[in-house]
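Trainee: Encoded as structure tokens, here's the structure I'll be asking about.
The values are calculated or read from the model by the stated rules, or taken from the named source; none is laboratory data. Quick caveat, the model's predicted, so the values are computed rather than measured. Every residue, glycine as well, gets a Cβ built from its backbone with ideal geometry; the counts of neighbours run over all protein chains shown. These accessible areas exclude ligands, DNA and RNA; they are computed on the full protein's heavy atoms, side chains included. Shrake-Rupley method; radii C 1.70, N 1.55, O 1.52, S 1.80 Å.
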Amino acid sequence: MGDDSLNDAKEKMIKQHLIPRGIKNERVLAAFKKVPREEFVPPEIEAEAYQDRPLPIGEGQTISQPYIVAEMIQALEPTPGDKILEIGTGSGYAAAVLAEIVETVYGVERHQSLVDEAQTRLTRLNYDNVKLEVGDGTIGWAENAPYDGILVSAAAPEIPNSLVEQLVKGGYLVIPIGTKNIQQLYQIKKIEDDKITKKELGRVRFVPLLGEKGW
Ligand code: SAH
């Protein structure tokens, strides 16, 4: 597939799947226009990169459906000076979209091979404001805390406390919570150290968050 047809497919994804379903944040839309999703999927399925569905990225994991990535990032209400933590970086696609908007993105991923691949592509695409670590993201990444927003790209059984602790007051944690099969996507706002508010964004299906505070 040539660059032109991939670009057309990208435009179509934004016009057919993102805008009509409520993605209106201009920063988010501009970021989706820039990031080449085909670079984040295995070469043999490059032509499918802009379909609105999850795709395999190795280690039994998936790159999430573009609309859901857009909804989650929009729910973080990201602004240019922000420092964002993403748990479950996988291919690095969501991290790259965020990196177009905010100052720094910290990503934690439990599979070394996925981190190595994500790092290679992020470097090749000049996303030098993304820092990755191999580890268990259910305990966050305390070293760089607090974060202006935290995105969890895998399904958790409950809200991991450490993530709320590592969030600034007024910051959002966007996370799918539920069973291994089906979850509710939440936008959680930290009001005070011991006070949060929750908003339901809809039903989703993510791969499980495995680890100390996960499954
Ligand atoms: N945001 C990714 C989607 C990855 S799917 C993208 O844009 O491609 C979810 C990822 O979460 C998987 O790669 C999985 O390995 C990872 N994961 C699951 N549990 C984790 C944990 N406790 N810490 C870090 N990563 C985890």
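Trainee: Using 0.36 nm times the number of residues separating E11 and K34, minus their current alpha carbon distance, what extension gain do you get? Don't jump to the answer; show the numbers that get you there.
Mentor: Details: separation 23, 0.36 × 23 = 8.28 nm, distance 1.03 nm.
Going from the current span to full extension adds 7.3 nm.
Trainee: Would you mind telling me the share, in percent, of accessible area of region 1-95 contributed by carbon and sulfur at probe 1.4 angstrom?
Mentor: For region 1-95, the apolar C and S fraction of the accessible surface comes to 48 percent.
Trainee: If I stretch the segment between R124 and D3 completely, what's the gain in nm (0.36 nm per residue apart, minus their alpha carbon distance), one decimal? Walk me through the numbers before you get to the answer.
Mentor: Working: separation 121, 0.36 × 121 = 43.56 nm, distance 1.71 nm.
Net length gain for the segment: 41.8 nm.
Trainee: Given a Förster radius of 25 Å and the C-beta distance between K198 and Q51 as r, what FRET efficiency does 1/(1 + (r/R0)^6) yield to the nearest 0.05? Write down the numbers at each step before the final one.
Mentor: On the way: r = 31 Å, r/R0 = 1.25.
With R0 = 25 Å, the Cβ-Cβ based efficiency is 0.20.
Trainee: I've got another one for you. On a 1.4 Å probe surface of the protein chains, which of R110, R203, R37, R53 comes out largest in accessible area, and what is the full order?
Mentor: Numbers: R110 120, R203 165, R37 0, R53 100 Å².
Most to least solvent-accessible, the answer reads R203, R110, R53, R37.
Trainee: Could I ask something else about it? Could you provide, to the nearest whole Å², the per residue accessible area of region 53-204 with probe 1.4 Å?
Mentor: Averaged over the residues of region 53-204, the accessible area is 41 Å².
Trainee: How high is the FRET efficiency from E212 to E59, r the C-beta distance, R0 22 Å, rounded to 0.05? Mind dumping the intermediate values first?
Mentor: Details: r = 19 Å, r/R0 = 0.88.
Efficiency at R0 = 22 Å is approximately 0.70.
Trainee: Springs between alpha-carbon pairs under 10 angstrom, Gaussian network model over the chain: which of A95, A30, A156 fluctuates most?
Mentor: A30
Trainee: Between the alpha-carbon centers of region 60-83 and region 122-168, tell me the distance in whole angstrom.
Mentor: Answer, in whole Å: 12.
Trainee: Describe numerically, in nm with one decimal, the distance between label points set 7 Å from Cα along Cα→Cβ at R205 and at V134.
Mentor: 3.1
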